[in-house]
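Visitor: Below is a structure I'd like to ask you about.
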């Protein structure tokens, strides 16, 4: 059998060359991936969270030198049993002694890890939407700061939710659907459009 560039055979094992060939170009942030690993999620579970394929997740895990371990994080404290309190203080591998909360599908999880994951996920979704919308203000071309760009609904009657407030907390598919109703504007142009000074 032929050898991959890392010397791995094709007996059921992907070589890094094969992974690189199919891995998406959109980067997965290390902090996001690290937080999911610390939660003790499997590669398949991480893939579902990130809307990526397991192959893509393996690629970025290898790139960052991270490894999953399904046994980690399932029971951070021995005294925190299923019938115990919903919240418990326990040691997180990433944040040290901090508050954990029980989730029926995953057991106790560090709340700071979850918060970090959500924040990173929201930034990733907004970055994707901004890039797909052209990457700059449709009026003046501003593009320096992602936070200064927002989505303006061309027809307010079609608005299902505000992307700035709720869109990045939803699935990428739903956020994309809503973004198609919008035009990308910088903060200044958005204010002028809302005030009727500028039109789009």
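Visitor: Regarding segment 177-198, can at least one residue be identified that is over 29 Å from residue 50 (Cβ atoms), in contact with a helix residue (DSSP H, G or I) (Cβ under 6 Å, 6 or more places away or on another chain) and part of a loop (DSSP other than H, G, I, E, B)?
Guide: Looking through segment 177-198, at least one residue is over 29 Å from residue 50 (Cβ atoms), in contact with a helix residue (DSSP H, G or I) (Cβ under 6 Å, 6 or more places away or on another chain) and part of a loop (DSSP other than H, G, I, E, B).
Visitor: Check whether at least one residue in segment 97-113 is closer than 23 Å to residue 50 by Cβ, touching a helix residue (DSSP H, G or I) at 6+ places or on another chain (Cβ under 7 Å), surrounded by fewer than 19 Cβ atoms within 10 Å (Cβ to Cβ) and assigned by TED's automatic domain parsing to the domain that holds residue 35, and report yes or no.
Guide: yes
Visitor: May I pose another question? Inside segment 115-129, can you point out the residues that are without any contact (Cβ under 8 Å) to a residue 40 or more places away in the chain and within 21 Å of residue 92 (Cβ to Cβ)? It would help to see each step written out before you state the result.
Guide: Filtering segment 115-129 down to residues without any contact (Cβ under 8 Å) to a residue 40 or more places away in the chain leaves 115, 119, 127.
Across segment 115-129, the qualifying residues are 115, 119.
Conditions tested, residue by residue: (1) in the same structural domain as residue 109 (by TED's automatic domain parsing); (2) part of a helix (DSSP H, G or I); (3) loosely packed, with under 12 Cβ neighbours inside 10 Å; (4) at pLDDT 80 or above.
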site: 31; (1), (2), (3), (4): yes, yes, no, yes
site: 36; (1), (2), (3), (4): yes, yes, no, yes
site: 52; (1), (2), (3), (4): yes, no, no, yes
site: 70; (1), (2), (3), (4): yes, no, yes, no
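Visitor: Now, a different point. Output yes when any residue across segment 133-149 is under 26 Å from residue 33 (Cα atoms), part of a strand (DSSP E or B), at pLDDT 90 or above and in contact with a helix residue (DSSP H, G or I) (Cβ under 8 Å, 6 or more places away or on another chain), and no when none is.
Guide: Yes, segment 133-149 contains at least one residue that is under 26 Å from residue 33 (Cα atoms), part of a strand (DSSP E or B), at pLDDT 90 or above and in contact with a helix residue (DSSP H, G or I) (Cβ under 8 Å, 6 or more places away or on another chain).
Visitor: Suppose the filter is surrounded by fewer than 17 Cβ atoms within 10 Å (Cβ to Cβ), modelled with pLDDT under 95 and not assigned by TED's automatic domain parsing to the domain that holds residue 88; does residue 121 pass it?
Guide: On the way: surrounded by fewer than 17 Cβ atoms within 10 Å (Cβ to Cβ): no; modelled with pLDDT under 95: yes; not assigned by TED's automatic domain parsing to the domain that holds residue 88: yes.
No: the conditions fail for residue 121.
The values are calculated or read from the model by the stated rules, or taken from the named source; none is laboratory data. The shown structure was predicted, so the numbers you read here are calculated from the model rather than taken from an experiment. Cβ sites come from the backbone with ideal geometry, for glycine too, and all protein chains shown count toward neighbours.
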